[in-house]
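**Student:** Got a structure for you, written out below as structure tokens; questions coming shortly.
The values are calculated or read from the model by the stated rules, or taken from the named source; none is laboratory data. Since this is a predicted model, take the numbers as computed values, not measurements. Counting neighbours? That spans all protein chains shown, and the Cβs are built from the backbone with ideal geometry, glycine included. Accessible surface is based on the protein model in full, side chains and every heavy atom, while ligands, DNA and RNA are left aside. Shrake-Rupley method; radii C 1.70, N 1.55, O 1.52, S 1.80 Å.
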Amino acid sequence: MTPILVAERLGRVLAGEVPVTLVRDIDLEVGRGEFLAIMGPSGSGKSSLLYLLGLLDTPTSGRILLDGQDTSGYGEDQLAATRLRKLGFVFQFHFLLAEFTVLDNVLLPMRRLGKLDEGAARKRAEDLLEQLGLREHARKHPHQLSGGQRQRVAIVRALANDPLIILADEPTGNLDTHASANVQQILHDLTRQLGTTVIAVTHDVTFANAADRRIGIVDGQIDPEWRA
Amino acid sequence: MSLQLSIAVTQLISRRRPTLVSLGGIALGVAFFLAVSSLMRGSERDFIKRLIDNSPHITVSDEYRKARKQPAIEEWPDGAVEVRRVKPLTEVRGIRGHAQKLAFIETLPGLRAAPVLLGSVVLTFAGRNEGVTLNGIVPAKMKGVSTIEEKLTQGSLEALATNPNGLVIGEGLANKFGLSMGSVVNAASPGGEVRTLKVVGIFRTGNASYDENQTFALLKRAQGLLDRANRVNRFTIQLDDPYAARAVAAVIERQIGYKAVSWQESTEDLMSVLLVRNLIMYSVVSAILVVASFGIYNTISTIVMEKIHDIAILKSMGFHARDIRRIFLAEGVILGALGSLFGVSLGMGLMWLLAQVEIKPPGASDIVHLPIYWGWEQYLLAVGFALASAVGAAYLPARKAGQVQPVAILRGLA
């Protein structure tokens, strides 16, 4: 499988009177269309690793190659542009903008990118909502939806600019069993049908078992022996 | 509509109450700014207009700005010369060669000039005496330099030309003496000359002091009465452009030698008082807008605090720091612009109401409306200051929003 994302000796230390190591010497390759689950105990550095892989945080050592490009020299603007074009995020909390309708929330990243005109962007947003069974909720506001529906809208928004990788931080952490299974299925289908890579941090063993590969993080390092 | 603008509008609409409070603050600030400014500027312009309309733009008098030097000192300016016990030559007061000098002044473009002989006389009627100022004038020329013709309620200046013993008086004097058109009064000069004059015109300027003390007679009659044959001691000059008075006065004074005083020079102290008054006024009304801008700061700061997660998600999505800054700056601009719009409407309403107020100023005999200035520049100033305050108030929270680190926010929630 061609690697779409490569992390080399990745490290992140929070500076301070007592420096805190969040991530230490991680080497990782993620293939195109792969579904990778990152697991580990609370505070082990899973989310920190995800933020580094998603270019939300800057490593203090090592480097990340995304789609063959070394991102270590990128400035704020270049990082933001890369996130906009190539990455999509889904968080434990849906983080939909409350004042906007479902459709407008999905349109936000497309409007920011400006690759599609308004009509084409709207058509794509409606198609994506249709695919995830949310077409009839397009005009609603987030507070009118269930938790599972909101998380599906967040996935649609993450998919809006057709990203190479979806990074998900505890995407089912706030959902009931039925909604969790639904989200898990959607993310799984993405890798199979669209070839989108999914990297998900999770505590949910069932969710992790659906992934192509699972890695465990303990004390900021990959632990090959780790078992949930 | 740009994406940042649409987010800004949506956020403001979703927070109606603080948005309305901020708008109200700016609107009231702009409205009071306009009301006070229009009133102050209106009174200033009214004052200047009265100055310009009711007094000559330039007055040339029979005086010199500096005492004339002794010929010996002019001849040997660097010599060790001291001239003691010099007594200037006694001469009849008045402008020498006034006809030639007036002819020169009249060759200058954009002005009208009239010769005047000004002196004091005592009017006597029915056993009562009253000292007044007598203006000896040439009616045809005086019309071009004075508004006195417009202020006549009875008779005309022309009547002076047809009746050499005619006298035009103010309504205040007429009422005091019980005079009416055709009444005959005696006028006595300080030199003892006495003439009998007939009232051929009565004016009312609204200035009680002027209406009681100023009188007009034919120049020839005044010269005879004041024993100053063929003399005038004033040139009264009106310009098409009153604001050119200072420059024209300098030209005239340089050419004819006599002191030529523009209306600006004669009212310099008043003008500086007006300037200070305007500075105080604009400082006070601007302070209202500065206070109002704190409302905007508060509103936008609160939105930034409340929307910190939205900001984090927008940045994680790929929005730049400048996109985020623009959203909150746009909110400041929207509040400033809408507040200004409402403020201008409200301000115009207040100005209209003020314009309806009637007052009787001290010393005036007529009731007048409050003078209101409707000039466009004060709207521009109010709106410009309101917008600047609003953008200034939005800048700090906008900068803070742009600096939000998404990871710090997301970690806090993880």
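**Student:** Which angle from 0 to 90°, rounded to the nearest 10, does the C-alpha axis of helix A:76-86 make with the longest principal axis of chain A?
**Tutor:** Helix A:76-86 sits roughly 60 degrees off the main axis of chain A.
**Student:** When the helices in the protein assembly as shown are scored as -39500 (n - 2.57) per DSSP H run of 4 or longer and the sum is shared across all residues, what 222 nm value do you end up with, to the nearest 500 deg cm²/dmol?
**Tutor:** -15500 deg cm²/dmol
**Student:** Averaging sequence separations of C-alpha pairs under 8 Å and six or more residues apart, then dividing by the length of segment A:3-222, give the relative contact order as a whole percent.
**Tutor:** For segment A:3-222, the relative contact order is 32 percent.
**Student:** Excluding same-chain residues fewer than 8 positions from residue B:66, which aspartates and glutamates have a Cα within less than 13 Å of its Cα?
**Tutor:** The qualifying aspartates and glutamates are B:253.
**Student:** Considering every pair of different Cα atoms, what Kirkwood radius, in Å, is found for segment A:1-126?
**Tutor:** By the Kirkwood definition, the hydrodynamic radius is 16.6 Å.
**Student:** Give the lysines reachable from residue A:123 as a straight Cα distance under 18 Å; neighbours fewer than 8 places away on the same chain don't count.
**Tutor:** Cross-link targets: A:115, A:140.
**Student:** Cut-off under 12 Å on the C-alpha distance; same-chain residues fewer than 8 positions from residue B:151 excluded. Which aspartates and glutamates are left, in chain and number order?
**Tutor:** In chain and number order, the partners are B:53, B:171, B:211.
**Student:** Moving on to the next point. Pop out the ³J(HN,Hα) list for segment A:112-122 in order, Karplus 6.51 cos²θ - 1.76 cosθ + 1.60 with θ = phi - 60°, rounded to Hz; leave Gly and Pro as x.
**Tutor:** For segment A:112-122, the Karplus-derived couplings read 5, 6, x, 6, 9, 6, 4, x, 5, 5, 4 Hz, x marking Gly and Pro.
**Student:** In whole Å, largest first, what are the principal axis extents of the Cα atoms in segment B:228-345?
**Tutor:** 96, 26, 23
**Student:** Calculate what fraction, in whole %, of the accessible area of segment A:3-222 sits on carbon and sulfur atoms when a 1.4 Å probe is rolled over the protein chains.
**Tutor:** Heavy-atom surface of segment A:3-222 belonging to carbon and sulfur, 1.4 Å probe: 46 percent.
**Student:** I'd like the accessible area for residue B:243, computed on protein heavy atoms only with a 1.4 Å probe and all protein chains in place. Round to 10 Å², please.
**Tutor:** Accessible surface of residue B:243 is approximately 140 Å².
**Student:** Which whole number gives the average, over all residues in A:91-97, of C-beta atoms from other chains lying within 10 Å of the residue C-beta?
**Tutor:** Across A:91-97, the average partner-chain Cβ count within 10 Å equals 5.
**Student:** Count, for each residue of B:399-407, the Cβ atoms from other chains sitting within 10 Å of its Cβ, then give me the mean as a whole number.
**Tutor:** 2
**Student:** If amide H atoms are built 1.01 Å from N in the plane of the peptide, which residues on other chains or at least 5 residues away come under 5 Å of the amide H of residue A:62?
**Tutor:** Those lying under 5 Å, H to H, from residue A:62 are A:11.
**Student:** Rank by packing, highest mean first: peptides A:84-91, B:124-131, B:64-71, with packing defined as the count of other Cβ atoms within 10 Å averaged across residues.
**Tutor:** Sorting A:84-91, B:124-131, B:64-71 by mean packing, highest first, produces A:84-91, B:124-131, B:64-71.
**Student:** Further, regarding this structure: Give the percent of DSSP beta bridges with both residues in segment A:3-222 that are antiparallel, rounded to the nearest 5.
**Tutor:** Counting DSSP beta bridges with both partners in segment A:3-222, the antiparallel share is about 50 percent.
**Student:** Would you grab the residues whose amide H sits under 5 Å from the one on residue B:15? Only those 5+ places off in sequence or on another chain, please, with H modelled 1.01 Å from N.
**Tutor:** Excluding prolines and chain starts, which carry no amide H, there are no hits.
**Student:** May I pose another question? Tell me which DSSP H helices of chain B clear both cut-offs, 18 Å or more of axial length from alpha-carbon atoms and a mean Kyte-Doolittle hydropathy of at least -0.5.
**Tutor:** B:16-54, B:268-306, B:321-356, B:376-402
**Student:** Viscosity 0.692 mPa s, temperature 37 °C: Stokes-Einstein D of the protein assembly as shown from its Kirkwood Cα radius, in µm² per second?
**Tutor:** Reported coefficient: 101 µm²/s.
**Student:** Could you state the number of Å between the C-alpha centres of segment A:1-62 and segment A:86-111?
**Tutor:** 24 Å
**Student:** Another question, then. Order the peptides B:281-287, B:396-402 from the highest to the lowest mean number of other Cβ atoms within 10 Å of their residues.
**Tutor:** B:396-402, B:281-287
**Student:** Right, something else. How large, in Å, is segment A:96-228 by the Kirkwood hydrodynamic radius built from its alpha-carbon pairs?
**Tutor:** After inverting the pairwise mean of 1/r, the radius is 15.8 Å.
**Student:** So, by mean Cβ neighbours within 10 angstrom, what's the order for B:191-201, A:7-17, B:165-175 with the highest one leading?
**Tutor:** Answer by packing, highest mean first, reads B:165-175, B:191-201, A:7-17.
**Student:** Now for a separate question. Can you tell me the orientation of helix A:147-159 relative to chain A, as the angle in degrees between its alpha-carbon axis and the longest Cα principal axis, to the nearest 10?
**Tutor:** Result, in degrees: 80.
**Student:** Now for a different question. With a cut-off of 8 Å between alpha carbons and a minimum separation of six or more residues, what is the relative contact order of segment B:278-384 in percent?
**Tutor:** Dividing the mean separation by the residue count of segment B:278-384 yields 17 percent.
**Student:** What residues have an amide H closer than 5 Å to that of residue A:90, excluding those fewer than 5 places away on the same chain, when H is modeled at 1.01 Å from N in the peptide plane?
**Tutor:** It is A:167, A:168, A:169, by chain and number.
**Student:** Please compute the average number of Cβ atoms from other chains found within 10 Å of each residue's Cβ in peptide A:154-163.
**Tutor:** 1
**Student:** Using θ = phi - 60° and the Karplus curve 6.51 cos²θ - 1.76 cosθ + 1.60, what whole-Hz ³J(HN,Hα) does each residue of segment A:90-96 get, with Gly and Pro shown as x?
**Tutor:** My calculation for segment A:90-96 gives 10, 10, 4, 8, 5, 6, 7 Hz in order.
**Student:** How large is the direction-averaged shadow of the alpha-carbon convex hull of segment A:4-52, in nm²?
**Tutor:** 3.8 nm²
**Student:** Given a 1.4 angstrom probe, I'd like the percentage of the accessible area of chain B that is carbon and sulfur, rounded to a whole number.
**Tutor:** 59 percent
**Student:** Next question, about the same structure. So, in nm, how far is label residue B:194 from label residue B:47 when the simple model puts each one 7 Å beyond its Cα toward the Cβ?
**Tutor:** Here the answer is 4.6 nm between the modelled labels.
**Student:** 7 Å from Cα along Cα→Cβ at both residue A:32 and residue B:161: what's the point-to-point distance in nm?
**Tutor:** Calculated label separation equals 10.4 nm.
**Student:** Hey, what does the equivalent ellipsoid look like for chain A, semi-axes from the Cα gyration tensor as sqrt of 5 times each eigenvalue, largest first, whole Å?
**Tutor:** Over the Cα atoms of chain A, the ellipsoid semi-axes are 29, 20, 16 Å.
**Student:** May I pose another question? Hey, what's the per residue convex hull volume over the C-alpha atoms of chain B, in cubic angstrom?
**Tutor:** 231 Å³
**Student:** Find the sum over both chains of the accessible area lost when A and B are paired, probe 1.4 Å, and report it in Å² to the nearest 100.
**Tutor:** 2300 Å²
**Student:** Please work out the Cα center distance from segment B:1-62 to segment B:185-245, rounded to the nearest Å.
**Tutor:** Using only Cα atoms, the two centres lie 45 Å from each other.
**Student:** Evaluate the Kirkwood expression for the hydrodynamic radius of segment B:279-378, namely the inverse of the mean inverse distance over all pairs of different C-alpha atoms, and round to one decimal in Å.
**Tutor:** It is 17.5 Å.
**Student:** Could I ask something else about it? Can you run phi through the Karplus equation (6.51, -1.76, 1.60; θ = phi - 60°) for segment A:58-68 and list ³J(HN,Hα) in whole Hz, with x for Gly and Pro?
**Tutor:** For segment A:58-68, the Karplus curve yields 9, x, 8, 8, x, 8, 10, 10, 10, 6, x Hz.
**Student:** Now a separate question. Accessible area per residue of chain A at 1.4 Å probe, in Å²?
**Tutor:** Value returned for chain A: 43 Å² of accessible area per residue.
**Student:** Further, regarding this structure: May I ask what percent, to the nearest 5, of DSSP beta bridges between residues of the protein assembly as shown are antiparallel?
**Tutor:** Bridges in the protein assembly as shown are about 70 percent antiparallel.
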